[in-house]
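The values are calculated or read from the model by the stated rules, or taken from the named source; none is laboratory data. Fair warning: this is a prediction, and the values are worked out from it, not measured in the lab. Glycine also receives a Cβ, built like all others from the backbone with ideal geometry; neighbour counts cover every protein chain displayed. The accessibility values were calculated without ligands, DNA or RNA, using every heavy atom of the protein model including side chains. Shrake-Rupley method; radii C 1.70, N 1.55, O 1.52, S 1.80 Å.
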Amino acid sequence: MPQQSYNTETRRRRICILGSTGSIGTQALDVIRQHPDIFEAHTLTANTNSKLLIQQAREFLPDSVVIAAEDKYLEVRNALSDLPIKVYTGDEALCHVVQSAEVDMVLAAMVGFAGLRPTIEALKAGKALALANKETLVVAGEIITRIALENRAPILPVDSEHSAIFQSLAGASPNAISRILLTASGGPFRTYSEEKLCKATSREALKHPNWQMGEKITIDSATLMNKGFEVIEAKWLFGVDVDKIEVVVHPESIIHSAVEYADGAIIAQLGVPDMRLPIQYAFAYPSRLPLKGERLDLFKIGTLHFEKVDNNKFPCLQLAYQAIRKGGNMPCILNAANEVANLAFRNDRISFTRIPQILEYAMQNATFIASPTLEDYFLTDKQARMLAESFIA
Ligand code: NDP
């Protein structure tokens, strides 16, 4: 939950994009492209995709770029040598650039646990954080929200569901929330039988019906692990008990989520599936800016559908509820094992239905810590990855 409204400024809002070459990062740049008078891409970062990073740097002329992969550093530096752009490399550089005094906002759009340290450094530096990288809140929600509060650093949700909840909460007291209705498309395997799920391939899983996203989150959407992570993310962002968060399968992905209040009123945010809207809302908050793109035509949509989740076919959602109810480092264990299982499935090393088995194994065998420190999370991540790998081998 943002702790303060973001200051209105007269100069352009300078944004550091962690993960500018990804699905969220490229859409964030499109938002900046539409509003060059309001936003500035101050820093761009990538892991290995040097070609796209160079192209983006030449178009947006940022102050700095970071290519995390050190073997790509010379290529990026040489390609930008005619421009006054600082070029850095390595994981430490990611933690360094977010702290720059010139940066107003950091968009955390890296994928997975790797985003944790730079996100924490951004919050410690008091930066407004536009958060897409949900894994960081899953792993260390308690520490992250505490650091944000201590440093008066607002967290603006970018995930479409959380942005919808945030928008539905505008002007309301969080005390009056009686339920959060977290919508889920159900993913590409929603209608598959259990037999068909056993044979589901990564190629089929990567065809999401409504959203174009990075590969990791697309697989997480197929297992509903993504929805489980979003339950945990909502708990930390909005301070709501997970038992008040209900997942509703809504195949059209038009209602992006809703809040039910004490008086029974349900306030929802609707729109076409387009991540640029929640990205822009986080960037411009509390303002609303024009956004080019398709508009929702309710007459064309006609009917909306809602279903309960089939927990037998998609056990990952319940594993997420179990992990957050247990607390401590259990969500971190779940996340680490999931990163391993997700990649193994993408690499055709395991079947789709093996994913939850790997997660359960890690949750049962990793060392549980009730009150973990930040250091404990790094150790837990390592141990859970090893356990997941050993189960696969
Ligand atoms: P992508 O895989 O498309 O992009 C990930 C970005 O992070 C890329 O720029 C990548 O660089 C960079 N990156 C990956 N690993 C590292 C690393 N170890 N060090 C430094 N940089 C790294 O992911 P998405 O954009 O789909 O997702 C980003 C985050 O946003 C995820 O946490 C996801 O759950 C969340 N999210 C995504 C949504 C979507 O629509 N895509 C919706 C809601 C949330 P490179 O290109 O060089 O590999």
Across the alpha-carbon set of the stretch 1-131, Rg over Rh with Rh taken as the Kirkwood radius works out to 0.94
At q = 0.13, 0.19, 0.22, 0.27 Å⁻¹, what is the base-10 log of I(q)/I(0) for the stretch 180-240 according to the Debye formula with one equal point scatterer per Cα and no solvent? Please give it to two decimals. -0.37, -0.71, -0.88, -1.13
In the chain the DSSP beta bridges are antiparallel at a rate, in percent to nearest 5, of 25 percent
Could you work out [θ]222 nm for the chain from helices alone, using -39500 (n - 2.57) per DSSP H run of at least four and dividing by all its residues? Round to the nearest 500 deg cm²/dmol. -13500 deg cm²/dmol
Can you pull the percent of the chain's accessible area that's carbon plus sulfur, 1.4 Å probe, other chains left in place? 51 percent
Along the principal axes of its C-alpha atoms, what lengths does the chain span, in descending order and rounded to whole Å? 58, 51, 41
Using +1 at the C-beta of Lys and Arg and -1 at the C-beta of Asp and Glu, which of Met363, Leu181, Tyr192 has the Cα lying farthest in the positive direction of the dipole of the chain? Tyr192
Run through the stretch 91-167 and list the GluC sites (Glu not before Pro) located in a DSSP loop whose Cβ has at most 15 other Cβ atoms within 10 Å. Glu102
On the full set of protein chains, 1.4 Å probe, figure out the accessible area of Glu375 and give it in Å² to the nearest 10. 110 Å²
Probe 1.4 Å, all protein chains in place: accessible area of His96 in Å², nearest 10? 120 Å²
Roughly how many debye, to the nearest 20, is the charge dipole of the stretch 267-393 about its Cα centre, given +1 on each Lys and Arg Cβ, -1 on each Asp and Glu Cβ, and no other charges? 300 debye
Label zone at Glu142 (point 7 Å along Cα-to-Cβ), backbone N below 16 Å, the stretch 353-379: 367-379
Within a Cβ distance under 9 Å of Asn335, other residues only, what is the Lys/Arg minus Asp/Glu net charge? -3
Taking the Cα-to-Cβ direction at Leu52 and at Ala101 and moving 7 Å from each Cα, how far apart do the two end points lie in nm? 3.4 nm
Let's test the formula: R0 of 51 Å, r as the Cβ-Cβ distance of Arg354 and Leu83. What FRET efficiency results, to the nearest 0.05? 0.60
How high is the relative contact order of the stretch 45-179, given as a whole-number percent (alpha carbon pairs under 8 Å, six or more residues apart)? 16 percent
Local charge sum around Glu294 (other residues, Cβ-Cβ under 12 Å, Lys/Arg +1, Asp/Glu -1)? +2
Suppose all protein chains stay in the model; what accessible area per residue would a 1.4 Å probe give for the chain, in Å²? 43 Å²
Karplus (6.51, -1.76, 1.60) ³J(HN,Hα), θ = phi - 60°, over the stretch 153-161, in Hz, Gly and Pro reported as x: 9, x, 10, 9, x, 10, 3, 4, 5
Please list, in order along the stretch 96-113, the HN-Hα scalar couplings obtained from phi with the Karplus expression 6.51 cos²θ - 1.76 cosθ + 1.60 (θ = phi - 60°), rounded to whole Hz, x for Gly and Pro. 7, 5, 5, 8, 3, 4, 7, 7, 8, 9, 10, 9, 8, 10, 6, 9, x, 4
